[in-house]
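Following this message is one structure expressed as structure tokens.
The values are calculated or read from the model by the stated rules, or taken from the named source; none is laboratory data. What you see is a predicted model, and the numbers here were worked out from it, not measured in a lab. In this analysis, Cβ positions are derived from the backbone assuming ideal geometry, glycine residues included, and neighbour counts consider all displayed protein chains.
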Amino acid sequence: MMISNPMLDLNIRTPPTATSQLGPPLALAAGLAAAVAALALFSQRLHGDLVPAALSGMFFVLAAVIAALTWRRPRKTPRLSYWDVAGVFTLIGVCIAATVEPEQMINIVSPNRQP
């Protein structure tokens, strides 16, 4: 009977390089900087009710882009990975989306009707 260890593959890691260690923190910092810039732009150009919805949508798009790029080229890193960065952006997007009131979303989505 052959005994195999499926967890053995997880223990084998490639040695970290400078780009693999700096990439995810740079992606996180760039995404947060883009969010601050988008917040400044959204608060000037959009109605107050639209700002949280647009900002949460932007975080979901950032998370999707980073996850798609990571899915194509997965890397095993012992520290912060691109999957972690995508998860952080998703969590921030969910938290911001939770602040949007249902009545605000109805006003945003429904067409403007005058009585």
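Sort out for me the helices (runs of 4 or more DSSP H) sitting completely within the range 1-87 that have 1 or more residues that are surrounded by 10 or more Cβ atoms within 10 Å (Cβ to Cβ) and at pLDDT below 75.
18-45
Can S56 be described as among the polar types (S, T, N, Q) and more than 15 Å from G23 (Cβ to Cβ)?
yes
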